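The structure appears below as structure tokens.
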Amino acid sequence: MGKSRTLGTISLLAVIASVLLAVIWQPRFGIDFVGGTEIQVKFKDNKAKASNIRAELKKMGFAGADVVSFGSSETEYLIRLREVSRIDEQEQQKIQAAFRKELGDNKVEKFEFSPGGDKLTVNLATDLSIADVEKAGKAAGLDMAGVTDDSVGSGNEEEDNARKCESSTCRLIVKGQFVYEISLNGVTEQVLDAFRSQPWGEGAIKMRSEWVGAKVGEQLRNDGISSILYALLFIMVYIALRFDLRFAPGAVVALIHDICITVGIFTILRIEVSLATVAALLTIVGYSLNDTIVVFDRIRENLSVSREVKLMSVINRSLNETLSRTIMTSVTTLLAVLALYFIGWKTSLRDFSFALVIGVIVGTYSSIYVATPVVVWLDRFFAKKEKA
């Protein structure tokens, strides 16, 4: 505890620096939070290199694409793009105008692109053949998919029975309107077609593709922040009831310290912040709290048998009594997390495990040099108020 003032000052400066970095520079949010497309591609052989893939994506106009090898194989890559759809709002309006002109304004009741740009839904007041609708689509410049996937129904048996699919379009009748769903070549299909046109990318196979819209990404980001704030609030309430009001703020300050430092390091290293990172932060909160609770419990036990001794001395003794347990627990946990980090180097577990590595180290430090000094400071504060 004699070193708590010096180390507490360093911790405070580190937290301030981390917050400033997060505000000014901002973390590198993944597609989970800002929207984008993630594609897992498998190539025939190892001729496809990350440099070839990045060059082709740059040629297509995808700036800042993230390309990493996936798994132990040298033929699989995970590609993250910031774009969800190549059809922006202005382009959508042009296509709609051309489509209406081809069919006539009185026939089009609804014209809507999916957020991912891979489907167009058109409601018509009159019944037209699928061939006529696709002809209008081609005249409007739509990049239609070769064959539609009609294997997935709507869940309504009556609708599924009335559903008819040809070429890239499905037709069904809903509430007196004729609904046409046109499958389009979205970002994933355009990227794969570009790869297959290259000698190194012949026979490229899509293993998986996901996209997140900007609005959904914003909602996920807000929900992630809310989950952490709620966790901190309920932790403070629990510790206040379980121990003493003096202990609760110290635990929460230590947890905020751990989260800020972790986010700050992620910001400096430009590591992507995703839903997995939020899961890691919540795991850090749980791990750090567990260590802090053990220390607090020993302090409470020693206070009950040493009431005449100063709080500073009781805390020092309690920390020394729990220090070997703290170090052994942290080291064994760190070994497991480091194994996860190195084994999962080429997978999505890398950033998750790296966040845990930081969290275990910082969490162990904060349980000793952040949580307990706050308890001492609050004890002195309340003691002065009682004297006054």
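Quick look at the values:
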{"read-out": "Calculated mean projected area of the Cα convex hull in nm² (choose from (1) 20.3; (2) 26.6; (3) 28.5), label", "value": "(2)"}
{"read-out": "Sorted by Cβ density within 10 Å, fewest first, the residues S306, S197", "value": "S197, S306"}
{"read-out": "Full-extension gain in nm, R208 to T126, via 0.36 nm per residue minus C-alpha separation", "value": "25.7 nm"}
{"read-out": "Extension reserve of the E74-R28 stretch, reckoned as 0.36 nm per residue once the Cα distance is removed", "value": "13.9 nm"}
{"read-out": "Distance (nanometres) between label positions extended 7 Å along Cα→Cβ at V305 and A139", "value": "9.2 nm"}
{"read-out": "Ranked list, fewest to most other Cβ atoms within 10 Å of each Cβ, for V294, V84", "value": "V294, V84"}
{"read-out": "Taking I53, I358 and counting other C-beta atoms within 10 Å, the order from fewest to most", "value": "I358, I53"}
{"read-out": "Tensor-based shape of the range 1-135 (alpha-carbon gyration tensor, a/c under 1.5 rounded, otherwise prolate or oblate)", "value": "oblate"}
{"read-out": "³J(HN,Hα), Karplus 6.51/-1.76/1.60, whole Hz, each residue of the range 50-64, x for Gly, Pro", "value": "4, 5, 5, 5, 4, 5, 5, 5, 5, 4, 7, x, 8, 7, x"}
{"read-out": "Backbone HN-Hα couplings from phi across the range 114-129 [Karplus 6.51/-1.76/1.60, Hz, Gly and Pro as x]", "value": "6, x, x, x, 9, 8, 10, 10, 10, 9, 10, 7, 10, 7, 10, 6"}
{"read-out": "Residue-by-residue Karplus 3J(HN,Hα) for the range 252-259, coefficients 6.51, -1.76, 1.60, Hz, glycine and proline x", "value": "5, 4, 5, 5, 4, 4, 5, 5"}
{"read-out": "In degrees, nearest ten, helix 371-387 long axis to first principal axis of the chain (Cα)", "value": "60 degrees"}
{"read-out": "Per-residue [θ]222 nm for the chain (sum of -39500 (n - 2.57) over DSSP H runs n ≥ 4, rounded to 500)", "value": "-20000 deg cm²/dmol"}
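A short reminder: the numbers here are calculations on the coordinates, not readings from a lab. In this text, all values refer to a predicted model and were calculated from it rather than measured experimentally. Cβ atoms come from the backbone with ideal geometry, glycine included; neighbour counts cover every protein chain shown.
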